[in-house]
Every structure is written in C-alpha cells, then in structure tokens.
Amino acid sequence: MLLDKLNKVRATKTNLFTLQKRFYAELTARFPFIMHADMADMANKLEHELHTLLCASLKYDSVKIPLRSNHRSYSSSSTRTIVNVQRGEPGFYYPNSERGSSDIWYMDSKNYIKDNGDMWYKDVETEYGSSGKEKTRDIDELKAGLSDLRAPNQAKRVYPDKLDAYFKLLKEVMEYRPKFLCYTEEGYGSDSQIVEGIEFQMKNLQFRMLEKSISVRLYEKKDKESYRYHSSSHGRFSYRPDRNDLHRLLDYADPECDTFGTKVHERLKLFIENYEKIRDRFEHEERAKKKAYQTCQGFLKQIRVHTLPFKVLGEIKK
C-alpha cells in the first residue's frame, strides 16, 4: 500500500538522522581535537597577542617608534622605508597607512626572525624574460628592524623586561608556526613550499586536515592542484567548511549533488571499506593536533601574563 511505503520512508529517514547524530557524537568523543579544536582561531589569537605584547613593551601612548624596513611594492621592487609601532595601535604600519589592520603579520609564513630579533621576508620569485623563459630568484628582505627597539636612544621609551619577554616568545612562536599553520590556508596556498598542509590518501579517498575537522573526497587526479588551494591569509584565518567536510560525510542531501548522490554514496562506501586504516591515521593526527594545540595554548598563557595587565589598564583609561 502507498501509505505503508510512506511510513517506511519516514521511519528510514528518522533512523538515518538518529544514526548520524550517534556517529558524530562518537567521532567527536574519539577525536575531539580533530573535530573541534579550531587552529584558525588559535593562529588569530597568537597574532593578536604578539601585537599586544609589543605594545605593552612601550612606555608611552603618544610615542611612535620607526623601525627600519624594506617595503615591497606591486612591481615586486623593494625600497628602503620605515614601519611604525606605537603603544596605542597594535601592529606595524608603513607611513600614511590606515590604522587598525597591521601591514605586517607574524603568521605570514614568509616572515622569519633572525638571531638579532629583526623580522625578515624570504620568498622565491618567478620572472619571465622577453623570450618567455622562466627564471627564479631568491628574495630575502628586511621586514621590520625590531632590534632598533633595543638601541640606546630608545631606552627611555621601552620596558626592558617586557621587551625581553616579547623577543623570547616571538622567536619561540615563529619557530613553531609550521606545526600549527599546516592546518590553515598557509599550508595549502601558493606558499606551501614553506608550510605544508597535512594530507593523505586511502585508496581513492583523499583527506586533508583543516583548521577544524577534515576534508574527505573522492580522489581525482585532475582536481589535485585546485583542491582547497588558497592564497595568503593576510593575517586573518578562518575555518570554512564545504561539501567535502567530514561533518557532511553522511549528508546525502548535499546541495551540490543529487539527493542520495552517487559520489556521496561512493565516498561512504570507500570510507567503510578502509575504516581500520583510516581510524589508525585519525588517531595519529589526533595526537599530533592535540600536541600542537596545547603547545599554542601554552604560548598564549605565557604571553597573557604580560598582556592582561596592559589590557586592564587600557579599559580603566577609557
């Protein structure tokens, strides 16, 4: 009877919904850091706190300290200039730049810290001659002469203990970046030769670790280069789930596919067939992400020892 069939359809859909909730509840319980630890949010917090720690190292709101810098223009040439830091404006700002959004970002993987504390920029640039022949050249330029803050003429403008803490923690965080930026756009963008994202393949399933969760899709060779291929983050990271997100593994109503679509169904079939190997790899990635996330939490805790009083003072002054 038609009514009997409708009742069976409703019962089947109700059962599917219940199983989905149970599956994701257990998945989250087994892999809490993979599924819910947001490394994009963590990277943003570290970026903000490092900017704030630099501000907290300066004594006066009104003092603007210029640091040596090379400014890279759209023509790819570089010119000597300065970049300003000041207590009341977290970040680095070139002359005539708008305040509120730093011109230089710690989480740009092309920036690195030298032994004297200066921030430099390293990249490989491709040039094309008149014949169309490709030529590459290494770029290594001064981004911000942070060591200028330790110059004798700045002694009255800085807090030596906080400045020492800034340089110590800055170096530690910058050196550790590949361990957590690999989950973000920096790992899968055009600069992936510097920070590489984490990806692996099981049969015809391709997995990529995201800022939060994992992307899982059917492997297609022609899609490899375009698969979640982002440009530089420009200082702000975000988790942007899409139809390949693990959170949608059981979602047969994917708007990009037919209901109960063949690709969705094939993906689940392969996941089941290779479950043991996938589970083992997930356990490995869970341990790695847990360590990276908790290490970053440790950095935040150390930085906030110095930035919290600074923030409280700022609120009192308002």
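Structure notes:
Yes/no matrix, rows are residues, columns are (1) of a type outside the set (Val, Ile, Thr); (2) farther than 21 Å from residue 57 by Cβ:
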position: 141; (1), (2): yes, yes
position: 147; (1), (2): yes, no
position: 156; (1), (2): yes, no
position: 173; (1), (2): no, no
position: 183; (1), (2): yes, yes
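- Options 54, 50: the member that is in contact (Cβ under 8 Å) with a residue 12 or more places away in the chain and over 23 Å from residue 183 (Cβ atoms): 54
- Residues of segment 118-158 satisfying the condition of being buried (at least 19 other Cβ atoms within 10 Å of the Cβ) and assigned to a loop (DSSP other than H, G, I, E, B): 145
- Only one of 14, 79, 18, 52 that is in a helix (DSSP H, G or I), within 28 Å of residue 102 (Cα to Cα) and of a type outside the set (Gly, Ala, Ser): 52
- Check on residue 113, of a type in the set (A, V, I, L, M, F, W, C), touching a helix residue (DSSP H, G or I) at 6+ places or on another chain (Cβ under 6 Å) and at negative phi: yes
- Residue match in segment 280-295 (condition: modelled with pLDDT under 95 and buried (at least 17 other Cβ atoms within 10 Å of the Cβ)): no
- Screening residue 91 against (1) part of a strand (DSSP E or B); (2) surrounded by fewer than 18 Cβ atoms within 10 Å (Cβ to Cβ); (3) touching a Phe, Trp or Tyr at 6+ places or on another chain (Cβ under 9 Å) leaves a single unmet condition, (2).
- If you check 123, 61, 103, 108 for being modelled with pLDDT under 95, closer than 11 Å to residue 143 by Cα and acidic (Asp, Glu), only one passes: 103.
- Against the numbered list (1) among the aliphatic types (A, V, I, L, M); (2) within 26 Å of residue 252 (Cβ to Cβ); (3) in contact with a His (Cβ under 8 Å, 6 or more places away or on another chain), residue 25 comes up short only at (3).
- One residue alone among 106, 112 is assigned to a strand (DSSP E or B), under 24 Å from residue 168 (Cβ atoms) and among the hydroxyl-bearing types (Ser, Thr, Tyr), and that residue is 112.
- In segment 21-44, residue surrounded by the fewest Cβ atoms within 10 Å (Cβ to Cβ) [restricted to those that are part of a helix (DSSP H, G or I) and among the acidic types (Asp, Glu)]: 26
- Cβ separations smaller than 9 Å between residues 6+ apart or across chains give the following pairs from segment 227-252 residues that are at pLDDT 85 or above and surrounded by 15 or more Cβ atoms within 10 Å (Cβ to Cβ) to residues that are assigned to a loop (DSSP other than H, G, I, E, B) and among the basic types (Lys, Arg): 239/212; 244/228.
- Taken over segment 159-205, the residue count meeting the criterion of being over 22 Å from the mean Cα position of the chain (by Cα), farther than 27 Å from residue 218 by Cβ and not in a loop (DSSP other than H, G, I, E, B) is 6.
The values are calculated or read from the model by the stated rules, or taken from the named source; none is laboratory data. If you're wondering where the values come from, they're calculated on a predicted model, not measured in any experiment. Neighbour counts run over all protein chains shown; Cβ positions are idealised from the backbone, glycine included.
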